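Single-structure report; data block below.
The values are calculated or read from the model by the stated rules, or taken from the named source; none is laboratory data. None of the values given here were measured: they were computed from a predicted structure.
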Amino acid sequence: MLGLRSVLSKTNSLVVKNVIQQRNMSAIATPARNKVSKGEVIFLASLMVIGWSAIPAWVLVNIKHYRDKE
């Protein structure tokens, strides 16, 4: 039973490694078919910046509540 378990665990790990490698090697990178307009790029970039800075801005605005002892 113990020998069978070790053989199965080795087989499973090899199968998982082969599946992951095969999936990664099959990806094909090509240039975009339709270019994104500058307005859309600016809009999406601004949304990302707002999203990234929303929580730090909230913390800085409400820092007095975090430092309050009561």
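Some notes on this structure:
- Checked against (1) at pLDDT below 90; (2) not in a helix (DSSP H, G or I), VAL19 passes all but a single condition, namely (2).
- Given (1) in a loop (DSSP other than H, G, I, E, B); (2) modelled with pLDDT under 85, number of the condition VAL36 does not satisfy: (2)
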